[in-house]
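Report on the following structure.
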Amino acid sequence: MSNDEQMREGPVGRLLHVLCDVCAVIGGAVLIAMAIMTVVSVVGRTFFDSPILGDVELVQLGLAVCVATFLPYTQFRSANIIVDFFTTKASERAQRRMDCLGCVLYSVMTALIAWRVLAGGLLSRENQEISMLMSLPIWLPYVLMVPGLVLCTLVGLYQAVQYWQAAGRLGEAA
């Protein structure tokens with residue numbers, strides 16, 4: 001059974017799998033909307049001298065949301081880049097323990113980022129910050145990033161537990 005299949009076992013793994021897929025679909029929808037808007041703006045600018053006002057602004061705000069919504073999917077699929085050059089000769093048990101540590105550190109970082117993004121969004125809302133051209137509230141993209149970052153933290157913690165348990169099973173077999 002592959003690592004990805006092991007992570008989807010049980011009710012928690014299945015729930016996280018569905019949530020990560022939904023989160024990625026939302027990110028994909030935002031990305032498609034941004035692409036369509038960019039095409040319309042470029043066509044409008046080129047042929048009609050009438051681009052969409054604030055298109056760059058919208059892309060910047062949308063991309064932040066996209067990144068946050070794609071991260072949980074990537075983490076759940078174990079698709080983040082890892083450098084295992086120094087660990088290839090380690091035992092499988094040691095590798096699982098290092099994977100566990102990596103997931104814990106990843107979760108700590110995404111939790112920290114989620115906290116600071118939420119704090120920044122709340123401060124932005126309190127200060128009534130708006131975008132320059134379209135006067136959009138800046139706090140909105142901040143807040144929209146938080147669920148993806150929190151989900152990413154939960155996925156990392158779940159994976160850490162899975163790797164720790166796998167390392168324990170390898171120790172029992174030895």
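The values are calculated or read from the model by the stated rules, or taken from the named source; none is laboratory data. No experiment lies behind these values; they were computed from the predicted model shown. So basically every Cβ, Gly included, is an ideal-geometry build from the backbone, and we count neighbours across all protein chains shown.
Tell me, please, whether a residue that is over 14 Å from the mean Cα position of the chain (by Cα) and free of Cβ contacts under 8 Å to residues at least 12 places away in the same chain can be found in the range 57-75. Scanning the range 57-75 turns up at least one residue that is over 14 Å from the mean Cα position of the chain (by Cα) and free of Cβ contacts under 8 Å to residues at least 12 places away in the same chain. Applying the criterion of being surrounded by fewer than 17 Cβ atoms within 10 Å (Cβ to Cβ) and touching a residue at least 24 places away in the same chain (Cβ under 8 Å) to the residues of the range 165-174, the residue that is nearest to the chain's Cα centre (by Cα) is Leu170.
The single condition among (1) buried (at least 19 other Cβ atoms within 10 Å of the Cβ); (2) within 14 Å of Leu136 (Cβ to Cβ) that Ala64 does not meet is (1).
When the range 80-132 is filtered for residues that are surrounded by 13 or more Cβ atoms within 10 Å (Cβ to Cβ), assigned to a loop (DSSP other than H, G, I, E, B) and either at pLDDT 95 or above or among the aliphatic types (A, V, I, L, M) (or both), only Ala90 remains.
Residue check: is Phe76 closer than 30 Å to Ala166 by Cβ and surrounded by 13 or more Cβ atoms within 10 Å (Cβ to Cβ)?
yes
Within the range 22-56, take every residue that is in contact with a helix residue (DSSP H, G or I) (Cβ under 7 Å, 6 or more places away or on another chain) and touching a residue at least 40 places away in the same chain (Cβ under 8 Å) and give me the one that is nearest to Val150 (Cα to Cα). Going through the qualifying residues, I end up with Cys23. Pairs are defined by a Cβ separation below 6 Å, a sequence spacing of at least 6 or placement on different chains, a first member in the range 95-108 that is over 18 Å from Leu170 (Cβ atoms), and a second member that is β-branched (Val, Ile, Thr) and part of a helix (DSSP H, G or I); the pairs so defined are Ser107/Thr153.
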